[in-house]
Structure formats: structure tokens, C-alpha cells
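Colleague: I'd like to ask some things about the structure below.
The values are calculated or read from the model by the stated rules, or taken from the named source; none is laboratory data. It should be emphasised that the depicted structure is a prediction, and the values quoted were computed from it without experimental measurement. Positions of Cβ are generated from backbone atoms using ideal geometry, with glycine treated the same way; all protein chains shown enter the neighbour counts.
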Amino acid sequence: MRLAFTVPGKAVPKGRPRLSLEGHAYTPTETRDYEDLVFQYALIAFRKAKIPMPILGPIKFTCDVYRNRVATATPDLDNCIKSLTDGLCSGRRLLEDAQIVEIAARKHKCLQHEQRAEILLEWGE
């Protein structure tokens, strides 16, 4: 089976864990918000396609990340992949990280209003 969907807006790379004053590690707010956004768009796509959740078995993850071409610094692609996959694995309702056995990813430059992440999940019946 295949499921393709788009997460509009600027892809946010996985931020480094931060430490609270009490010494507890936490995910930065911008990263957590983006992972939540990825999960919401994935959930909509799953429901629209009437695909039962969670996906079972090995998964191929493909993504195309489109970022602003005039930005002076663009994030590392691997950090963007981590935010996208962590968003999909949020609460393990859609899939688990360990199920991803193949990754294909590309980073593209675009105009600011065209920023997005296009995701394709493929798995066996």
C-alpha cells in the first residue's frame, strides 16, 4: 500500500534536547509543535484513505523537503527527516520508528510561500 500527503509550511529540523532547571530533558517547543503538525496531517491522510492504524510491518519512508531558497542557512536534511518521522510515530498510533527499514529523502529550494514537506509511505499488504 501507499499513502502520500503534504505538510504545508517550513519544515522544522529536530532541535537538540534542552535541560530544565530541574535537570529534565525536553524537546524544544518549535520542534514539538512541528511534530504535532506532521501527526495531524498524517492522521487526516490515513482517515481520508480509510487506512487502518497502526501500519503493520516494514515501511519505506520517502520525503521531499522544500525550504526557502533565500535563507542564508538551511537545516540538515537528516534533522528534518527526524522531525517528520518522530511526528509520524507520535504516540505510536500510526507506526513505530523501528518499522522504517528504508529512507529516501531530498531537499529542494523554493519560494517562501511554497515551503512544505511531501511524504510517501509504502508498505506491504
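Colleague: If residue 83 satisfies every condition in (1) surrounded by 13 or more Cβ atoms within 10 Å (Cβ to Cβ); (2) assigned to a strand (DSSP E or B); (3) in contact with a Ser or Thr (Cβ under 7 Å, 6 or more places away or on another chain) but one, which is the exception?
Modeller: Among (1) surrounded by 13 or more Cβ atoms within 10 Å (Cβ to Cβ); (2) assigned to a strand (DSSP E or B); (3) in contact with a Ser or Thr (Cβ under 7 Å, 6 or more places away or on another chain), residue 83 violates only (2).
Colleague: Before we move on, is residue 14 modelled with pLDDT of 95 or more, closer than 21 Å to residue 120 by Cα and of a type in the set (Lys, Arg)? Steps first, answer last, please.
Modeller: Working: modelled with pLDDT of 95 or more: no; closer than 21 Å to residue 120 by Cα: yes; of a type in the set (Lys, Arg): yes.
Criteria not met by residue 14.
Colleague: Of all the residues that make up the stretch 69-80, how many are out of contact with any strand residue (DSSP E or B) (no Cβ under 6 Å at 6 or more places or on another chain), at pLDDT below 90 and either among the polar types (S, T, N, Q) or surrounded by 21 or more Cβ atoms within 10 Å (Cβ to Cβ) (or both)?
Modeller: Selection size over the stretch 69-80: 1.
Colleague: Kindly list the number of the only condition in (1) among the small types (Gly, Ala, Ser); (2) over 16 Å from residue 8 (Cα atoms); (3) over 13 Å from the mean Cα position of the chain (by Cα) that fails for residue 45.
Modeller: The failed condition is (2).
Colleague: Are there any pairs, at least 6 apart or on different chains, whose C-beta atoms fall under 6 Å, with the first in the stretch 53-71 and on the phi > 0 side of the Ramachandran plot and the second surrounded by 14 or more Cβ atoms within 10 Å (Cβ to Cβ) and outside any loop (DSSP other than H, G, I, E, B), and if so, which?
Modeller: 57/123
Colleague: To continue, here is another question. Given the criterion of a type in the set (A, V, I, L, M, F, W, C) and within 27 Å of residue 109 (Cβ to Cβ), identify the matching residue among 73, 25.
Modeller: 73
Colleague: Of the residues 32, 47, which is basic (Lys, Arg), assigned to a helix (DSSP H, G or I) and under 15 Å from residue 3 (Cβ atoms)? Steps first, answer last, please.
Modeller: On the way: 32 fails: under 15 Å from residue 3 (Cβ atoms).
Exactly one residue qualifies, and that residue is 47.
Colleague: Another question, then. Any residue in the stretch 90-109 that's under 22 Å from residue 10 (Cβ atoms): show its pairings with residues that are surrounded by 12 or more Cβ atoms within 10 Å (Cβ to Cβ) and of a type in the set (Phe, Trp, Tyr) at Cβ separation under 6 Å, as long as the two are six or more apart or on different chains.
Modeller: Note: pairs meeting the criteria are 90/39; 103/61; 108/66.
Colleague: Take the residues in the stretch 1-52 that are touching a residue at least 24 places away in the same chain (Cβ under 8 Å) and of a type in the set (S, T, N, Q); name whichever of them is farthest from residue 114 (Cα to Cα).
Modeller: Checked the stretch 1-52; the qualifying residue farthest from residue 114 (Cα to Cα) is 31.
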